[in-house]
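*Asks:* Got a structure here, written out as structure tokens. Questions coming.
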Amino acid sequence: MKKLMAANWKMYKTRVQAEETIKDLLRLLGDLPSDREVAVFAPFTALDACGRALPYDACRRAFDSSDACVRVHQKASGQPAASFFLGGQDVYPAAEGAFTGEISPGMLLDCACRFVLTGHSERRHILGESNEFVGRKTAFALEAGLDVVLCLGETLEEREAGKLEAVLREQFSAGVAGVPGDIAPQRLSLAYEPVWAIGTGRVAGPSEILEAHALLRDILRKKFVAQADQMRILYGGSVKPDNASQIIGLDNVDGVLVGGASLEAESFSRIVLA
């Protein structure tokens, strides 16, 4: 499977800044290895600008006569159309309605998104999203045609209390409760984010990453028996250019979810090519 190298820009970048960064990334990643895919999770306000900055329509959707979502990949000069994608940082589990401040899957699709994040630790721990609500988002987004990166991870207190496995199993169980067992493997990825390593500069050591990712692979096999080994598990938590190569080389690490180090094109491109 291809490694998914994902940038989460969080609440950073205006439209102009985002467009400039996308253009810089495309220039720096012109020779993207065949075993890499790039996803940029930009702020909602910048998604349309990012999509328009692409030299091809990498992930535009169209709707057929039965309103079923189909992908239209337009290949052009430069990178293959299937190597660079956009994603939303969150989604609401409804097609439309009186949900002030929220965004629907259709709105993300309309902005050329292929991916969406669900369950990011900042939404769980700062905004109070429950495991069950994350699960509703995950199932609805997949059904609507988006591919999902479901984030899971424990706090420092939970790890020190020996609750790593219990936390991951609980988050996973609720997070995929409404997902069909025969979902195509490329449509759902997991991102292991130890909360104590996000934005702190502290990185989980190789043994800690190996332990958590092996556990998640085993958990995947219980739910998605046939395709679990083809599903990607990303690591997220203070990933930087100087540690990306070691992390991406570990067993069961199929990509990275990068925060602060993804804000500059030069820094993130070095991670992508690690």
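*Asks:* For the range 1-35 and the range 232-274, what is the separation of their C-alpha centers, rounded to whole Å?
*Replies:* 12
*Asks:* Another question, then. Is it possible to state the helix-based mean residue ellipticity at 222 nm for the chain, with each DSSP H run of 4+ residues giving -39500 (n - 2.57), the sum divided by total residues, to the nearest 500 deg cm²/dmol? What is it?
*Replies:* After summing the helix terms and dividing by the residues of the chain, the value is -10500 deg cm²/dmol.
*Asks:* Next question, about the same structure. Give the residue from 141, 176, 100 lying farthest towards the positive end of the charge dipole for the range 98-204; charges sit on Cβ (+1 for Lys and Arg, -1 for Asp and Glu) and the dipole is referred to the Cα centre.
*Replies:* 141
*Asks:* Which semi-axes, in whole Å and largest first, does the equivalent ellipsoid of the range 3-272 have when worked out from the alpha carbon gyration tensor as the square roots of 5 times its eigenvalues?
*Replies:* With the √(5λ) rule applied to the range 3-272, the semi-axes are 26, 22, 18 Å.
*Asks:* Which distance in nm do the two modelled labels at residue 166 and residue 242 give, with both placed 7 Å along the Cα-to-Cβ direction?
*Replies:* My value for the distance between the label points is 3.8 nm.
*Asks:* Report the extension gain between residue 157 and residue 83 in nm, rounded to one decimal, defined as 0.36 nm multiplied by the number of residues separating them, less their alpha carbon distance.
*Replies:* The span from residue 157 to residue 83 would gain 22.8 nm if fully extended.
*Asks:* Provide, as a two-decimal number, the C-alpha radius of gyration of the range 139-244 over 2.2 N^0.38 Å, N being how many residues it has.
*Replies:* Dividing the Cα radius of gyration by 2.2 N^0.38 Å gives 1.08.
*Asks:* What helices in the chain pass both tests, a Cα length along the helix axis of 18 Å or more and a mean Kyte hydropathy of -1.0 or higher, using whole DSSP H runs?
*Replies:* Sorted by number, the helices that extend far enough and score high enough are 15-28, 131-144, 206-223.
*Asks:* What size of dipole, in debye to the nearest 20, comes out for the range 3-272 about its Cα centre when the only charges are +1 on Lys and Arg C-beta atoms and -1 on Asp and Glu C-beta atoms?
*Replies:* Here the range 3-272 has a charge dipole of around 360 debye.
*Asks:* What FRET efficiency comes out for residue 102 versus residue 1 if R0 is 45 angstrom and r is the Cβ-Cβ distance? Round to the nearest 0.05.
*Replies:* E between residue 102 and residue 1, to the nearest 0.05, is 0.90.
*Asks:* In nm, what is the difference between 0.36 nm times the number of residues separating residue 127 and residue 202 and their Cα-Cα distance?
*Replies:* 24.7 nm
*Asks:* Gain in length, residue 182 to residue 16, computed as 0.36 nm per residue apart minus the alpha-carbon separation, to one decimal in nm?
*Replies:* My answer for the length gained is 55.7 nm.
A short reminder: the numbers here are calculations on the coordinates, not readings from a lab. All figures in this text were calculated on a predicted structure; none of them were measured in a lab. Ideal geometry is used to build each Cβ from the backbone, glycine not excepted, and the neighbour counts take in all protein chains shown.
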